[in-house]
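Read through the structure below, which is laid out as structure tokens, and then see the notes.
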Amino acid sequence: MAYIKIFPIKVTDKKALDYITNPDKTDEKLLVSSFGCSPETADLEFSMTREMAKKNGMDKGDNLAFHLIQSFKPGEVDAETAHRLGQQFAAEVLKGKYEYVISTHVDKKHIHNHIIFNAASFVDHHKYVSNKRSYHKLCRISNRICLENGLATSMPTGEKGKSYKENMEYHRGTSWKAKLRVAVDKAIWTSINYEEFLQKMQLAGYEVRQGKHLSFRAPEQKNFTYMKSLGSYYTEENVRIRLAKNRSKVKTPKHLSREARLYINISTYVTTGNREGFEHWAKLNNLKEAARTFNYLSENNLLNYEDFRQHVSDVDASVKAADQRIAHITSELSTQKVIQKHCDSYRLCRKVIEDCKSAKNPKEYRSKHLAEYQLHDSLKKELQDLGVTKIPSSEKIQKRIENLESEQAATIREKQKLQKKQKTLDIIQQNFSVLLDAPEINSDLLPAKREPVSVTRDK
């Protein structure tokens, strides 16, 4: 599990950065990483970004930076894993908009990450807002990452209706509500109707009370717990909806050949214009979904069962390809914005260095602008690491970013269209499943079976 703390830095961020990058605490700085800045000059880069924000009228509040601490239970993770999870956490929280330095400390029994990020964004210059709502968002992200990596969750997520005592009991697994949620979820997953769900709850040891509101009571529990008190996801109405979805999932065709035969019959309605057969199907099923199936097969010329299956596969593959393309563009966009930020800062530092030529006392000038000289060298190295050897113009970088943003938006729109197709295809396949499991219409849509003929020989 990971415990999260966050507090603002108002006086100096350099001391905090020096503390978290201490070689004695970070395995000689092997467990130090950064984004959008160099760990050695992060305070200077933070300051330059804040100055840009001030020039753009975004100088709100007196916070210089924020300090996030992510602590793990002793023995739960090793240092490398903790650092990787911290990087993932920082990337999801800050979304590539804020410079940050992350370090993993191994000097205590519990391994923990320190993340210091700039209060101002180098992308849009907005200040980070830290409040109860944003803290709960941090906790939700941390809990999800922990679950994905097989770790227990530990942080409150802002759910309503929980007292401090109940929240602590929930995380220890001793809350009646926490146990009831688990039992209800398990019963829903394994049931196909409401009556079976109630039976499963009784088999789990719960006493059922069906009055105005459904409620359950566990053995040794004093009072009944109303389902509605578990949250909107557990109301009686939503339980029935979840069960309805289960029915369409568990009742799948047992014989593919019958499904193929059914498909042929429905596609025949499309090709021959057999409205009578289609209307009979529509009467026994949702008219809107039946019409959607009929129209989709006709418009896409999917009159062969194998073509239909291939079409489903192609749409799925296209969605995956769109996802990969969006991820690639997003990564490239983030890199270009970092390059843009570094180039702007480099030009400012370069101007300071060039002005040294006209200074009356160059030595005194360099001493006064030591920070800019140091940052100049650091930025040059960071740009080289990003593959930039010649500083591009501001207009060229901005044009590149705009093209990537346009491509990203177009790809997202394309993915949304494909997902809409996926949803339609899913409904069509569910319609087939329902038809195959409905004995009252099998005789109308599927070819009748021939009765075996007995042959007797004349003696």
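Tabulated values for the structure
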{"read-out": "By average C-beta atoms within 10 angstrom, highest first, the peptides 415-422, 49-56", "value": "49-56, 415-422"}
{"read-out": "Cα-based Rg of the range 304-435 normalised by 2.2 N^0.38 Å, two decimals", "value": "1.82"}
{"read-out": "Across LYS15/LYS368; LYS360/LYS390; LYS60/LYS351, pairs whose alpha-carbon gap is larger than 24 Å", "value": "LYS360/LYS390; LYS60/LYS351"}
{"read-out": "The range 304-435, accessible area per residue, ligands and nucleic acids excluded (1.4 Å, Å²)", "value": "62 Å²"}
{"read-out": "Too-long pairs where the Cα-Cα distance tops 31 Å, listed order kept, from LYS14/LYS341; LYS337/LYS423; LYS179/LYS417; LYS25/LYS97; LYS177/LYS421", "value": "LYS337/LYS423; LYS179/LYS417; LYS177/LYS421"}
{"read-out": "Peptides ranked, highest mean first, by Cβ atoms within 10 Å: ranges 121-134, 386-399, 367-380", "value": "367-380, 121-134, 386-399"}
{"read-out": "Trypsin sites (Lys or Arg not before Pro) within the range 203-235, DSSP loop, no more than 15 other Cβ atoms inside 10 Å", "value": "LYS212, LYS222"}
{"read-out": "Coarse-grained scattering of the range 15-127 at q = 0.19, 0.21, 0.23 Å⁻¹, given as base-10 log I(q)/I(0) from a Debye sum over alpha-carbon atoms", "value": "-0.91, -1.06, -1.21"}
{"read-out": "The range 73-108: trypsin sites (Lys or Arg not before Pro) in DSSP coil with no more than 10 other Cβ atoms inside 10 Å", "value": "LYS108"}
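The values are calculated or read from the model by the stated rules, or taken from the named source; none is laboratory data. Here the structure is a predicted model, which means the values were calculated and not measured. FYI the Cβ positions are ideal-geometry reconstructions off the backbone, even for glycines, and counts take in every protein chain you see. We work out accessible area using only protein heavy atoms, side chains counted, and drop any ligands, DNA or RNA first. Shrake-Rupley method; radii C 1.70, N 1.55, O 1.52, S 1.80 Å.
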